[in-house]
Amino acid sequence: MRVVWTQEALDRLFDIEDFISQNSPQRAVRFINYLMQRGEGLSKNPLIGRIVPEISSPNIREIIVKKHRIIYKIQENKIEILTVFEGHKLLSLEELRAG
């Protein structure tokens with residue numbers, strides 16, 4: 001199954017990288033690569049993530065990576081990464097609509 005990143009998810013990755021790079025550009029690149037690897041890894045086992053509590057839909061799931069949530073939607077022939085954000089925040093439905 002292929003993994004597709006929405007523009008919303010890519011924008012959030014850019015924001016995360018920008019924030020971390022203020023202190024360490026190298027660490028920022030490593031962390032973004034790690035987040036992307038974990039997202040791409042969903043192609044092998046899309047059901048590994050839990051159902052997002054704010055949504056309660058079996059097709060919208062999340063994995064927790066360090067302190068970040070990667071929210072994704074399982075579709076018939078692809079996995080769509082909808083957004084990525086810090087785990088202490090609640091999911092904004094606007095982020096899902098953008099994806």
Sorted largest first, the C-alpha extents of segment 2-98 along its principal axes in whole angstrom are 39, 26, 21
Between segment 2-29 and segment 51-73, what is the separation of their alpha carbon centroids in Å? 18
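Once the other residues with Cβ under 14 Å from the Cβ of Gln37 are scored (Lys, Arg +1; Asp, Glu -1), what is the net sum? Let's see the in-between values first.
Numbers: positive: Arg30, Arg38, Lys44, Lys66; negative: Glu40.
Around Gln37, the surrounding residues sum to +3.
Only loop residues by DSSP count here, and only those with at most 16 other Cβ atoms within 10 Å; note down the trypsin sites (Lys or Arg not before Pro) in segment 1-83 that meet that. Walk me through the numbers on the way to the answer.
Values: sites: Arg2, Arg12, Arg27, Arg30, Arg38, Lys44, Arg50, Arg61, Lys66, Lys67, Arg69, Lys73, Lys78; in loops: Lys44, Lys66, Lys67.
Sparse-neighbourhood loop trypsin sites (Lys or Arg not before Pro): Lys44, Lys66, Lys67.
Every number in this text was worked out from the coordinates using simple rules, so none of it is lab data. What you see is a predicted model, and the numbers here were worked out from it, not measured in a lab. So basically every Cβ, Gly included, is an ideal-geometry build from the backbone, and we count neighbours across all protein chains shown.
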